[in-house]
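The values are calculated or read from the model by the stated rules, or taken from the named source; none is laboratory data. These figures come from a predicted structure and were not determined experimentally. Methodologically, a virtual Cβ is constructed for each residue, glycine included, from the backbone with ideal geometry; neighbour enumeration extends over all protein chains shown. Ligands, DNA and RNA are excluded from the accessible area calculation, which covers all protein heavy atoms including side chains. Shrake-Rupley method; radii C 1.70, N 1.55, O 1.52, S 1.80 Å.
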Amino acid sequence: MSIIPILYLKSVLITSIQTELTDGEILQFQHELLKKNHDLNAKGIILDVSSLDVIDSYMAKIITDTMSMVMLQGSKLVLCGVQPVVASTLVDMGVVLGSMKMFLNLDQAFCFLTTKEVAQV
Amino acid sequence: MNITLKSMINTVQILSTKDIIVARQQGRELAQNYGFSKGDQIRFATAISELTRNIITYAVQGRCEFYTSENEQEHIILAKIIDHGPGIDNPLLAITDGYSSGSGLGLGLSGAKRLVHEFLIESTPGLTTIEINIKKRKY
């Protein structure tokens, strides 16, 4: 049973974190995401965080760790929907989300993953 | 610190991850009720999230107490995050960027410190108290 819905649209996996997660739920979520990514041969994953009005360093680590796992699969995970106040708070804290590709919203993230064959970096 | 008056608003017991959310929501609401900007509300809530999460990670349980106060020029909202865990050996080191004793990014304390106006920490084995506040000018 999924903690967090993972949707599949035109070869792109889309998921949205909207709640706080326990350690067990995080692992389960990451596992499910990686498995679906592999089984469906998806073009990539969009992680939407537009519902999160607080992203602390723990949540930031969940996001960057998940991205690293997806990269090890040879796939892509992009972020979208960081709220303006959250963005400024993350910068104030000094949290850097590394080499993640980020997009303003789901629309732009989806266009990125589907418009052309995105070359492996 | 020139805090003249302190009224305790309430206390949130921190026993599980769910309590982190409760504490930060209450912190945010308190800031909102006192007319703080959304930026201040979220920064305060995020600092509370970092600090209460440390309780879960290192101290098993603790509490977050909310106070309001004021001085001549400013309204002040305070949160005291208290636990009876093993304590932080070297608080000054712990609030340096990048330092981590756990599996985190090492930004819990230093990150939280940057989000608030004042940050006080006292830690001995058996008692750690972190007090943070945000201030808003009266007009």
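The alpha carbons of the protein assembly as shown occupy a box of 63, 43, 32 Å along the principal axes, longest dimension given first. Hydrophobic, long helices, defined as DSSP H runs whose alpha-carbon span along the helix axis is 27 Å or greater and whose mean Kyte-Doolittle value is at least 1.0, do not occur in chain B. Here the scattering of the range A:63-115 is modelled by Debye summation over its C-alpha atoms, one equal scatterer each and no solvent; at q = 0.24 Å⁻¹ the log10 of I(q)/I(0) is -1.00.
Please report the buried accessible area for the interface of A with B, total over both chains, probe 1.4 Å, in Å² to the nearest 100. Provide the component values of the computation, followed by the final result.
Working: alone 7100 and 7750 Å², together 13070 Å².
Result for this pair: about 1800 Å² buried.
Quick one: accessible area per residue over chain A, 1.4 Å probe, rounded to a whole number of Å²? Could you put the intermediate results ahead of the total?
Working: 6190 Å² over 121 residues.
That works out to 51 Å² per residue.
Counting only DSSP beta bridges whose two residues both lie in the protein assembly as shown, roughly 75 percent are antiparallel.
Among beta bridges identified by DSSP and lying wholly in chain A, the antiparallel ones come to about 25 percent.
Determine the dipole magnitude for the range B:17-139: charges of +1 sit on the beta-carbon of Lys and Arg, -1 on that of Asp and Glu, nothing else is charged, the reference point is the Cα centre, and the result goes in debye to the nearest 20.
Working: 14 positive and 14 negative charges, 91 e Å.
Magnitude of the dipole: close to 440 debye.
Where nothing but the Cβ of Lys and Arg (+1) and of Asp and Glu (-1) is charged, how large is the charge dipole of chain A around its Cα centre, in debye to the nearest 20?
In total the dipole reaches around 560 debye.
Counting only other chain Cβ atoms within 10 Å of each residue's Cβ, the peptide B:40-52 averages 5. Taking the three principal axes of the alpha carbon atoms in the range B:13-139, the coordinate ranges are 43, 28, 24 Å, sorted in descending order.
Contact order for chain A, expressed relative to its length and based on alpha carbon pairs under 8 Å spaced 6+ residues apart, stands at 25 percent. The mean number of partner chain beta-carbon atoms within 10 angstrom of a residue's beta-carbon across peptide A:84-95 is 5. Which helices count as membrane-span-like in chain A under these terms: full DSSP H, at least 20 Å along the axis by C-alpha, Kyte-Doolittle mean of 0.5 or more? TM-like helix candidates: A:57-72.
Diagonalising the gyration tensor over the Cα atoms of the range A:38-83 and scaling each eigenvalue by 5 before taking the square root yields semi-axes of 22, 12, 7 Å, largest first.
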